[in-house]
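Chemist: Okay, handing you the structure first.
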Amino acid sequence: DPEVMGGELVFAGTRVPVQALVDYLKAGNALEVFLDDFPTVERGQAEAYLQASVAGLPELRSHARPA
(Lines give C-alpha, C1' and ligand atoms only; values in the text may rest on other atoms or scores of the structure.)
Protein backbone atom coordinates (compact mmCIF):
# COMPACT_ATOMS: atom_id res chain seq x y z
CA ASP A 1 0.00 0.00 0.00
CA PRO A 2 1.67 3.26 -1.08
CA GLU A 3 -0.02 5.04 1.82
CA VAL A 4 1.81 2.90 4.40
CA MET A 5 5.54 3.48 4.78
CA GLY A 6 5.73 4.81 1.22
CA GLY A 7 4.77 1.41 -0.19
CA GLU A 8 7.76 -0.32 1.38
CA LEU A 9 7.20 -4.00 2.24
CA VAL A 10 6.36 -4.27 5.94
CA PHE A 11 5.39 -7.09 8.26
CA ALA A 12 1.59 -7.35 8.41
CA GLY A 13 0.04 -5.38 11.25
CA THR A 14 3.26 -3.44 11.89
CA ARG A 15 5.17 -0.52 10.48
CA VAL A 16 8.40 -2.56 10.55
CA PRO A 17 10.01 -2.79 7.10
CA VAL A 18 11.06 -6.27 6.00
CA GLN A 19 14.37 -4.67 4.99
CA ALA A 20 15.09 -4.13 8.70
CA LEU A 21 15.20 -7.92 9.16
CA VAL A 22 17.45 -8.32 6.13
CA ASP A 23 19.78 -5.59 7.43
CA TYR A 24 19.96 -7.16 10.90
CA LEU A 25 20.84 -10.55 9.50
CA LYS A 26 23.39 -9.14 7.04
CA ALA A 27 25.08 -7.38 9.98
CA GLY A 28 25.50 -10.76 11.65
CA ASN A 29 22.73 -10.40 14.23
CA ALA A 30 20.65 -13.39 15.24
CA LEU A 31 16.93 -13.50 14.55
CA GLU A 32 16.42 -13.24 18.33
CA VAL A 33 18.05 -9.80 18.38
CA PHE A 34 15.74 -8.57 15.64
CA LEU A 35 12.67 -9.94 17.43
CA ASP A 36 13.76 -8.35 20.71
CA ASP A 37 14.26 -4.98 19.01
CA PHE A 38 10.97 -5.21 17.05
CA PRO A 39 8.46 -6.84 19.42
CA THR A 40 5.52 -6.14 17.09
CA VAL A 41 6.93 -8.65 14.59
CA GLU A 42 6.01 -12.22 15.44
CA ARG A 43 8.57 -14.99 15.07
CA GLY A 44 6.29 -16.78 12.60
CA GLN A 45 6.15 -13.71 10.38
CA ALA A 46 9.93 -13.38 10.25
CA GLU A 47 10.44 -17.10 9.67
CA ALA A 48 7.81 -17.19 6.93
CA TYR A 49 9.48 -14.28 5.14
CA LEU A 50 12.89 -15.94 5.37
CA GLN A 51 11.56 -19.27 4.11
CA ALA A 52 9.80 -17.59 1.19
CA SER A 53 12.94 -15.63 0.37
CA VAL A 54 15.14 -18.70 0.32
CA ALA A 55 12.57 -20.64 -1.68
CA GLY A 56 12.64 -17.91 -4.31
CA LEU A 57 16.42 -18.01 -4.74
CA PRO A 58 17.42 -20.86 -7.06
CA GLU A 59 21.11 -20.39 -6.30
CA LEU A 60 20.41 -21.19 -2.64
CA ARG A 61 18.16 -24.15 -3.43
CA SER A 62 20.86 -25.72 -5.59
CA HIS A 63 23.25 -25.72 -2.61
CA ALA A 64 20.74 -27.02 -0.09
CA ARG A 65 20.91 -30.59 1.13
CA PRO A 66 18.17 -32.59 2.80
CA ALA A 67 18.51 -32.84 6.58
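Chemist: Of all residues in the stretch 38-48, which are over 14 Å from Arg15 (Cβ atoms), open to solvent by less than 90 Å² (accessible area, probe 1.4 Å) and of a type outside the set (A, V, I, L, M, F, W, C)? It would help to see each step written out before you state the result.
Modeler: First pass over the stretch 38-48, keeping only residues over 14 Å from Arg15 (Cβ atoms): 42-44, 46-48.
Restricting the remaining residues to those that are open to solvent by less than 90 Å² (accessible area, probe 1.4 Å) gives 44, 46-48.
Result: Gly44, Glu47.
Chemist: Something else about it: Yes or no: Val33 farther than 17 Å from Val10 by Cα and either touching a Cys at 6+ places or on another chain (Cβ under 9 Å) or modelled with pLDDT of 95 or more (or both)?
Modeler: yes
Chemist: Which members of the stretch 10-30 meet the condition of being loosely packed, with under 10 Cβ neighbours inside 10 Å, of a type in the set (A, V, I, L, M, F, W, C) and modelled with pLDDT of 95 or more?
Modeler: Result: Ala27, single match.
The values are calculated or read from the model by the stated rules, or taken from the named source; none is laboratory data. These numbers were taken from a predicted model, which means no experiment stands behind them. FYI the Cβ positions are ideal-geometry reconstructions off the backbone, even for glycines, and counts take in every protein chain you see. These accessible areas exclude ligands, DNA and RNA; they are computed on the full protein's heavy atoms, side chains included. Shrake-Rupley method; radii C 1.70, N 1.55, O 1.52, S 1.80 Å.
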